[in-house]
Structures are given as structure tokens and as C-alpha cells.
Amino acid sequence: MTEFLAAFAVFLALHSIPAAPAVRAGIISRIGRRTYFVAYSAASLLALAWLFAAALKLDYVPLWDLQPWHAAITFVLAPLGGLLVIAGLISPNPLSITVRSSERPGAVVGITRHPVLLGFAIWAAGH
């Protein structure tokens, strides 16, 4: 449990500290935008991998008995969440990080302000 809490703390810090505009701007001014995003992405992926590995080492504690209909929920919500994540990443969104940048928001932003976050939430709810 200690390793999981440490991995979670590192992952949370990686997503909280650079979120402060002054901190992020200071780092970008020192190392450059491209280097920042490459380094930040790599550090985030490593922290996420560590968090998953630590979570898999924890004891399994069932919260409820599995029923056959639970699988149907996952088969509906997981693709819907995945679709929103992909649409959010490829659609221009001035309010979020995407593959394409533009001041004019894409169509999926008309449905939700943060399609990637909503997609992950729907995907997680299905699990």
C-alpha cells in the first residue's frame, strides 16, 4: 500500500504543480515548449505505469458480486468513452491540449467542454 500511495502522490504532483500557469510558464521559458511537453509526457507516462504496477500488487478486495449484465455495461460505455477521448484529442479545443490547435473549437467541444475528461469518466464508470 505504501508503494501505491507514493506512486499516486507522484502522479498527482505531476498533474497539480505544472498546472499552475506561473510554474508551467517558468519551466517552458527555461527549456522550451517542445522539450517541456516531451519531458512532461514521458514523466506522466512513467508515473502512470508505476501507479498501475503498484495497484496490481495490492490485494484484491471485491466490492460486489459480479453479475453477467455487468459486462454489457462495459461493452456500451467503454467504446463511447473511447470515442470521446479520440474525438477530444483530434478536435481543436482552445480550452485543452489536443493534437490540432485552433482558436475555433471543433464540433465535439459543442457537446462538452472537456471531451477527453468526459470520455475517461465514462470509460471508468463502465469498469
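The values are calculated or read from the model by the stated rules, or taken from the named source; none is laboratory data. In this text, all values refer to a predicted model and were calculated from it rather than measured experimentally. Cβ sites come from the backbone with ideal geometry, for glycine too, and all protein chains shown count toward neighbours.
Say whether the condition of being modelled with pLDDT of 85 or more, farther than 20 Å from Phe4 by Cβ and among the acidic types (Asp, Glu) is met by at least one residue in region 55-70. The answer is yes; a qualifying residue exists.
Checking the structure you have, find out if any residue of region 17-37 is touching a helix residue (DSSP H, G or I) at 6+ places or on another chain (Cβ under 8 Å), in contact (Cβ under 8 Å) with a residue 24 or more places away in the chain and closer than 22 Å to Phe120 by Cβ. No, region 17-37 has no match at all. The requirement of being over 30 Å from Gly110 (Cβ atoms), in contact (Cβ under 8 Å) with a residue 40 or more places away in the chain, over 17 Å from the mean Cα position of the chain (by Cα) and surrounded by 13 or more Cβ atoms within 10 Å (Cβ to Cβ) is not satisfied by Ala47.
Evaluation of Trp64 against the conditions (1) surrounded by fewer than 16 Cβ atoms within 10 Å (Cβ to Cβ); (2) within 28 Å of Ile17 (Cβ to Cβ) shows that the sole unmet condition is (2).
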